[in-house]
1. Counting only residues that are touching a strand residue (DSSP E or B) at 6+ places or on another chain (Cβ under 9 Å) and either over 25 Å from Arg194 (Cβ atoms) or at pLDDT 95 or above (or both), how many does region 127-144 have?
2. Let me spell it out: the conditions are (1) out of contact with any Gly (no Cβ under 8 Å at 6 or more places or on another chain); (2) within 16 Å of the ligand (Cβ to nearest atom); (3) closer than 22 Å to Ile93 by Cα, and His215 meets all of them except one. Which number is the exception?
3. Based on this model, can you work out whether Lys209 counts as open to solvent by 50 Å² or more (accessible area, probe 1.4 Å), at pLDDT 95 or above and part of a helix (DSSP H, G or I)?
4. Looking only at residues in region 273-293 that are within 10 Å of the ligand (Cβ to nearest atom) and assigned to a strand (DSSP E or B), which one is surrounded by the most Cβ atoms within 10 Å (Cβ to Cβ)?
5. Within region 138-153, can one find any residue that is closer than 20 Å to Met262 by Cβ and either under 22 Å from the mean Cα position of the chain (by Cα) or open to solvent by less than 20 Å² (accessible area, probe 1.4 Å) (or both)?
6. Among the residues of region 88-120, write down those that are out of contact with any helix residue (DSSP H, G or I) (no Cβ under 6 Å at 6 or more places or on another chain), away from the ligand (no atom under 16 Å from the Cβ) and open to solvent by less than 50 Å² (accessible area, probe 1.4 Å).
7. So if I check each of Thr195, Thr243, Thr248, Thr191, which one is of a type in the set (Ser, Thr, Tyr) and farther than 25 Å from Leu133 by Cβ?
8. Which residues, counting only those in region 253-267, are closer than 13 Å to Ala84 by Cα and either surrounded by fewer than 21 Cβ atoms within 10 Å (Cβ to Cβ) or in contact with a Gly (Cβ under 7 Å, 6 or more places away or on another chain) (or both)?
Amino acid sequence: MFDSLQDRLGSILNGLTGRGALSDKDVAAALREVRRALLEADVALEVVRDFTDRVRAKAVGAEILKSIRPGQMVVKIVHDELIATLGSEQVAIDLNAPAPVVLMMVGLQGSGKTTTTGKLAKRLTERQRKKVLMASLDTRRPAAQEQLRVLGEQTGVATLPIIAGQGPVEIAARAKQAAKLGGYDLVILDTAGRTHIDEPLMVEMADIKRTTEPHEILLVADSLTGQDAVNLARSFDERVGITGIVLTRVDGDGRGGAALSMRAVTGKPIKLIGTGEKMDALEDFHPSRIADRILG
Ligand code: GDP
């Protein structure tokens, strides 16, 4: 579909072999292609700008080595900078707090919160032998609480019994109390989303946070989100304060730009990725995979 960045830079720069160092002019031409590749990968504009500035600073004056072609050299600089921005170390979910540890999942409607809640609960139950309680705080979408209950049955993870008429904050408080009384190691709160960010959503998230003091607040976001990824991540981080990001639908054919945008504006680690609808399709985040997608 797209020429790889490697090919594009090759055709611009590889004629330069034998010259001493990359000039401003060579780098400017290369950066136009880098910028195009990032925009095609759906990286947000403001992030593209900062990113290309950093690449420029590293590329201007870089010695052209005999062993490596100039196009490849710029690709390497871009690749290394992508990895540095995406975060080179895997950061695990932090469960290091007195039980019951509260994990709060936030995000827009349809981003994959409920599915990810089920996947994460299953993973922590099976791999870390944790006793997990899941609770749906979504009282707006009638089927949401039932959806989580069914996932709990499928995965063998306990869900908080549904009591009709309770509001989200009330359910959250009840979930934490039930986890305490029931000897659970952790409780995962699946909050309600909206189709877009609005004030009532942020107020509700802040109320739930104040009531339950979550140890982790994970923003669940669709990897196919385009330019909106920056606003989404920034709003949730500024208003609620996230501790990490779970990127869903990485199995889709997106080019991974949302990951770079969200990480760049919040500085918060991408902790996990969703790679399918099944309950075991949750994996650790490897920045090089996303970097390769962005490079095309
Ligand atoms: P919520 O509204 O944020 O709770 O979103 P849901 O968890 O209900 O997910 C919405 C849809 O996305 C469902 O059909 C899920 O099966 C699907 N989904 C969630 N995560 C992934 C993923 O990583 N890959 C794919 N292909 N589908 C996913």
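1. 9
2. His215 satisfies all of (1) out of contact with any Gly (no Cβ under 8 Å at 6 or more places or on another chain); (2) within 16 Å of the ligand (Cβ to nearest atom); (3) closer than 22 Å to Ile93 by Cα except (2).
3. yes
4. Of everything passing the filter in region 273-293, Gly274 is surrounded by the most Cβ atoms within 10 Å (Cβ to Cβ).
5. Among the residues of region 138-153, not one is closer than 20 Å to Met262 by Cβ and either under 22 Å from the mean Cα position of the chain (by Cα) or open to solvent by less than 20 Å² (accessible area, probe 1.4 Å) (or both), which makes the answer no.
6. Within region 88-120, Ile93, Leu95, Ala97, Val101 meet the criteria.
7. Thr195
8. If the condition is that a residue be closer than 13 Å to Ala84 by Cα and either surrounded by fewer than 21 Cβ atoms within 10 Å (Cβ to Cβ) or in contact with a Gly (Cβ under 7 Å, 6 or more places away or on another chain) (or both), then Arg263, Ala264, Gly267 are the ones that fit.
The values are calculated or read from the model by the stated rules, or taken from the named source; none is laboratory data. Just so it is clear, the structure is predicted and the values come from calculations on it, not from any experiment. Positions of Cβ are backbone-derived with ideal geometry, glycine not excepted, and every protein chain shown enters the neighbour counts. Quick note on the areas: whole protein, heavy atoms, side chains included, nothing else; ligands and nucleic acids left out. Shrake-Rupley method; radii C 1.70, N 1.55, O 1.52, S 1.80 Å.
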